[in-house]
Every structure is written in C-alpha cells, then in structure tokens.
1. Would you mind finding the one in 178, 145, 159, 130 that is in contact (Cβ under 8 Å) with a residue 60 or more places away in the chain and over 30 Å from residue 262 (Cβ atoms)?
2. Does residue 496 fit the bill of being over 14 Å from residue 558 (Cα atoms) and touching a residue at least 12 places away in the same chain (Cβ under 8 Å)?
3. Does residue 571 meet the test of being in contact with a helix residue (DSSP H, G or I) (Cβ under 8 Å, 6 or more places away or on another chain) and closer than 17 Å to residue 440 by Cβ?
4. Just need a number here: residues in the stretch 267-280 that are in contact with a strand residue (DSSP E or B) (Cβ under 6 Å, 6 or more places away or on another chain) and modelled with pLDDT of 95 or more.
5. Could you pull out the residue among 528, 545 that is farther than 28 Å from residue 289 by Cα and either modelled with pLDDT of 95 or more or in contact with a strand residue (DSSP E or B) (Cβ under 6 Å, 6 or more places away or on another chain) (or both)?
6. Just to check your reading of the model, which residue among 195, 242, 188, 172 is in contact with a helix residue (DSSP H, G or I) (Cβ under 6 Å, 6 or more places away or on another chain), in a loop (DSSP other than H, G, I, E, B) and more than 30 Å from residue 278 (Cβ to Cβ)?
7. Could you check the stretch 417-436 and list, in sequence order, the residues that are more than 18 Å from residue 558 (Cβ to Cβ) and more than 38 Å from the chain's Cα centre (by Cα)?
8. Taking the criterion of being surrounded by 15 or more Cβ atoms within 10 Å (Cβ to Cβ) and part of a strand (DSSP E or B), would at least one residue in the stretch 203-214 satisfy it?
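The values are calculated or read from the model by the stated rules, or taken from the named source; none is laboratory data. For clarity, every value in this text was computed on a predicted model and none was experimentally measured. Cβ sites come from the backbone with ideal geometry, for glycine too, and all protein chains shown count toward neighbours.
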C-alpha cells in the first residue's frame with residue numbers, strides 16, 4: 001500500500017510512513033469488519049482525493065456522542081499541518097543559510113585583493129622623497145615595498161614629470177602596505193582650474209608664486225561683487241604657462257571702466273549687471289567655441305579698459321548659423337533690405353596656432369568715431385606698428401587693412417549677394433554670400449599698382465603712363481598737364497596686381513566639408529583643423545609661383561585675380577587647411593599686453 005500524504009510505498013504492518021511520518025491509513029479502522037483488500041482500495045482512492053484537493057475538508061464536531069473515527073481523522077489533520085509547518089521552517093532556515101553563504105562568497109570574491117592585503121599587510125616605512133625627484137623612481141620604490149600607488153598630476157614649480165609631494169602620507173612614517181599612496185606629480189608651472197580665479201588676491205598669491213615663474217599683477221575694473229578678487233588669469237585656469245614663461249593675474253577694482261568679470265556670463269545677465277554703469281550697453285554676436293554660446297566673450301572697448309566710455313558693446317558667442325548677424329548691417333535700399341558687409345569688430349582678438357604663432361587683429365576705425373559699428377576693417381599688429389594706417393595719403397592709409405569686401409560708390413556694391421538687388425552682384429563670389437558660414441578678410445581691396453604706387457580702380461585721379469606713376473593731385477592742380485597725360489599713347493600701361501594678405505575665418509558649425517569639396521583650396525587636406533573652435537586660415541604667398549599679375553597695355557585695372565570679384569573666386573587658397581596651420585581664437589577676457597602690470 002501507499003502513504004496517503006506523500007504517496008510513498010508502505011510495508012505491511014507499519015504504523016507510520018517511513019518517508020514523511022504520516023499515520024498509516026490501514027491502522028485507522030473503526031468498523032474492524034472490512035476485509036483485508038478493502039483498506040488498500042480505500043488508500044488508493046484517498047490518494048486520488050488528496051491529490052485533487054490539497055486542503056483536507058474539516059468537519060466540525062457534532063454535539064452527539066463521540067465518534068472514534070472522526071476523532072482519529074482530526075488528529076491526523078493536525079499532525080499533517082504540524083509537519084507542514086515544520087517543513088516550511090526547515091526550508092526557510094536552509095534558504096537563509098544558503099543566501100548568507102552566497103553573499104559572503106560574492107563579497108570576498110569581489111574584494112580578494114583588499115582582503116588579502118588586510119590579512120597579510122605589514123607596516124612599511126614611506127620612502128623619503130623631495131620635490132624635484134623623479135616621480136617614476138618614487139613610485140617604483142613604493143611598489144618594491146608592497147604599496148599600491150596612485151599618481152595625481154597638478155601644476156607645480158618643478159619640471160614636468162617630477163615629484164612634488166605625497167598627498168596622504170608623510171615620508172619616513174610607517175604605514176600599512178594596504179594603503180594606496182597618492183603621489184602628486186608636476187605638470188610644470190600653470191594656473192590650476194580652481195583656487196586662483198574667484199578667490200582673494202592673498203589666497204591666489206600663494207598658489208601662483210609657488211609655480212616658480214614670474215607673476216604679473218594687473219588691476220582692472222570690475223563689478224562690486226568682484227572687488228578685491230582675482231577675475232582673470234593668463235594662462236586661463238587649467239592651462240600651463242605659455243612660451244613667455246609668465247603668469248598674469250588680474251584683480252578686480254571697483255573703478256571706472258569696462259568690468260572684466262562679466263566674461264563668461266550669460267549675455268542678458270551681464271547686460272543687467274552693467275545697467276547701473278554710466279554708459280550704454282549693446283549686445284553683438286561674435287564667433288566662439290560652443291561653451292561660450294550665449295555668453296560674454298569680449299567687448300569694445302575691451303574688457304578691462306579704464307575710463308568713462310559713452311557706449312560699450314558686449315560680444316556674446318555664436319556659431320556659423322549667425323554669420324550674417326555677425327558681419328552685416330541692414331540698410332533699406334529702395335524697396336529691399338541690403339545687408340552691408342562691414343561689421344568687422346567681432347574679429348578683433350588674438351588667434352594662435354598650436355605651435356604658438358599668433359595673429360593679433362586690432363580694430364581699424366576710419367573716422368574719428370569710436371563706436372563699434374564703425375569698425376569696418378581690422379589690421380594685424382604688425383600693420384598697426386608700421387604706421388601705414390597713419391599715412392597722410394588717403395589712398396595708402398588703409399591699403400593693408402583687412403576688409404570683407406571690395407568697395408564701391410553705391411553701398412549695395414558691398415552687400416551680401418541678393419538677386420533682387422542689382423549691384424550686389426559684385427559680392428556674388430565672396431564666401432559670405434554663400435551658405436558655408438565662412439568669411440574672407442583681405443587687404444588691398446580692388447587696388448592695383450603702378451611703379452610701386454597704389455592706384456584704386458574707382459575715384460582715383462592717378463594714372464599709369466608707360467609704367468610711370470602720375471600723381472592724381474598734380475593732375476587735378478594742372479589741367480594742361482592732365483590733358484597731356486590723358487592723350488598720351490602710353491596711358492593705362494604698366495598696371496599690375498600684387499598678392500596681399502588674405503584670410504578665411506571659419507566659425508564653429510561651418511559647412512567645412514562643403515568648402516573643401518568646392519575646390520576653394522589648393523592641395524590635399526591631411527589633418528583637418530579642430531572644428532569645435534573658431535579659426536583663421538592665412539594665405540601663404542610663398543606657396544604660389546605667381547604673386548604678381550601684369551595687365552596688358554592700355555588696360556585699366558578692374559578686378560584683381562587674388563581676391564573674389566564679379567569675375568569669380570580668388571585664386572585657389574594655399575596652404576590646404578590643416579590643424580597645424582589653423583589660427584584658433586584665443587578666448588581670454590582681455591588683451592593683457594595693453595594693461596599695465598606690476599610684479600608680484
């Protein structure tokens with residue numbers, strides 16, 4: 001027969017199941033008269049019934065006389081319930097033990113090295129080391145003693161790669177070998193990302209003077225909140241000292257001028273901060289890297305300029321999608337709007353290659369007005385120092401100034417090309433009229449040469465006769481001489497064009513690949529410039545076989561082949577763009593060289 005509770009086979013004569021302990025059904029026989037075969041049948045039927053009904057049906061006792069069969073059934077049910085509870089308890093205990101063991105094994109598996117170190121570590125003496133020692137040798141001496149190490153690079157007054165100090169232990173002390181020893185290794189002198197800009201002069205002084213290089217202090221205008229605090233540094237926070245080997249820091253002073261500490265602030269917040277100042281504030285876009293989009297990246301007059309300007313223009317960062325806003329000034333023209341390409345102020349600043357060659361662009365203002373909107377061109381620092389822009393000759397004064405267009409008596413002649421405005425055709429082949437977002441800056445405009453002298457192709461009374469330059473002022477003063485020269489068979493003979501300075505400004509977000517594929521550049525691009533930063537490409541005349549083009553006899557100059565014109569683009573640009581020849585915009589608060597300093 002079989003157990004009613006678990007189905008296990010039971011030998012004849014057993015009173016309890018040897019597997020689960022349940023009472024054997026055959027022992028419960030209240031009638032005592034049924035044949036031997038009957039209990040086996042009942043046992044099988046009971047097994048079926050139990051399997052179909054997991055919970056036994058309990059009948060409450062009646063008030064009639066006790067029934068031995070019912071009493072025995074009740075005891076059996078209680079016994080089964082007790083055994084089930086016991087089984088559940090045992091199962092829970094077993095599962096808990098298994099989980100604890102599994103967790104313990106997992107923990108020690110994940111932390112084998114730490115556990116081993118903790119159980120087997122011995123205190124060792126930290127090797128003595130002084131600032132300037134080779135950091136790699138210090139690391140090796142620690143590892144030979146069983147220590148693990150972590151190197152942390154930071155700016156310091158020692159040579160790059162040299163040991164500065166221990167960060168969490170003292171030399172000569174005994175420390176458990178399970179300790180991770182932190183070593184500060186020098187990156188060379190520089191300005192830390194934190195601890196200089198934004199703190200008091202007294203606190204910043206300790207850090208910058210520890211770098212072992214000369215430190216220059218500049219005192220610049222600031223808002224009230226930054227009075228007495230460091231508002232700027234060069235190099236910028238987080239950067240190493242440049243080739244000049246000098247650290248410049250600027251401390252804010254509540255004095256008249258253009259506050260430096262608005263640099264990097266949201267444009268609207270910055271404008272509000274200056275609302276109480278005795279000058280008007282205008283906002284203008286300027287190409288910048290993405291981190292400065294919508295934030296102040298410069299000003300005109302420059303940030304840090306002392307005095308009482310009547311108006312201040314704050315520049316905020318934008319990408320190539322705003323090129324038209326950056327370089328143009330809208331003008332009503334008949335029933336249309338012409339966008340004059342004559343706002344060059346945003347290009348003012350320093351642009352440097354990664355090797356340290358720089359172009360410093362300065363504003364050129366042709367009139368006595370100093371408003372930002374009057375900056376139609378820019379000039380290199382070299383041109384400014386040469387004095388050519390101060391020439392008494394109006395013709396020669398701006399010959400080396402960089403403009404974005406040619407010139408014309410009708411303003412629409414230097415406006416972005418618009419098929420609905422006739423004279424804008426003269427700008428059709430300038431990049432600014434396209435959709436790449438790039439802008440050209442070039443010197444000379446549409447000027448030609450005669451015997452080394454400059455002659456413009458518009459509104460210039462000067463002549464070139466048989467290769468000889470005839471001064472326009474003399475022609476105006478002497479009508480007989482003028483008639484003689486104009487009737488000469490050698491008139492308009494001897495003109496030529498020369499290649500002058502030429503640059504391409506490429507903002508973040510420009511369609512650079514489109515420009516490359518258009519054939520604009522000569523040569524093959526090997527290493528594309530960093531397109532996350534605005535940069536300038538500068539033409540190199542040494543890469544051209546021909547930098548002078550002589551005009552045929554009796555030909556009056558009209559269009560130079562070295563610049564874009566109605567005739568077409570300029571000659572292909574060389575060199576091809578490369579990360580090594582790109583002049584990236586230096587995004588710093590102001591021109592430090594223009595601000596007086598004192599040694600710290």
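1. Values: 145 fails: in contact (Cβ under 8 Å) with a residue 60 or more places away in the chain; 159 fails: in contact (Cβ under 8 Å) with a residue 60 or more places away in the chain; 130 fails: in contact (Cβ under 8 Å) with a residue 60 or more places away in the chain.
Every option except 178 fails the conditions.
2. no
3. Values: in contact with a helix residue (DSSP H, G or I) (Cβ under 8 Å, 6 or more places away or on another chain): no; closer than 17 Å to residue 440 by Cβ: yes.
When the stated conditions are applied, residue 571 does not pass them.
4. Of the residues in the stretch 267-280, 3 are in contact with a strand residue (DSSP E or B) (Cβ under 6 Å, 6 or more places away or on another chain) and modelled with pLDDT of 95 or more.
5. Numbers: 528 fails: farther than 28 Å from residue 289 by Cα.
So the residue among 528, 545 that is farther than 28 Å from residue 289 by Cα and either modelled with pLDDT of 95 or more or in contact with a strand residue (DSSP E or B) (Cβ under 6 Å, 6 or more places away or on another chain) (or both) is 545.
6. Numbers: 242 fails: in contact with a helix residue (DSSP H, G or I) (Cβ under 6 Å, 6 or more places away or on another chain); 188 fails: in contact with a helix residue (DSSP H, G or I) (Cβ under 6 Å, 6 or more places away or on another chain); 172 fails: in contact with a helix residue (DSSP H, G or I) (Cβ under 6 Å, 6 or more places away or on another chain).
Sole residue among the options that is in contact with a helix residue (DSSP H, G or I) (Cβ under 6 Å, 6 or more places away or on another chain), in a loop (DSSP other than H, G, I, E, B) and more than 30 Å from residue 278 (Cβ to Cβ): 195.
7. At the first step, the residues of the stretch 417-436 found to be more than 18 Å from residue 558 (Cβ to Cβ) are 417-421, 431-436.
Passing the criteria: 419, 420, 421.
8. Looking for residues that are surrounded by 15 or more Cβ atoms within 10 Å (Cβ to Cβ) and part of a strand (DSSP E or B), one finds none in the stretch 203-214, hence no.
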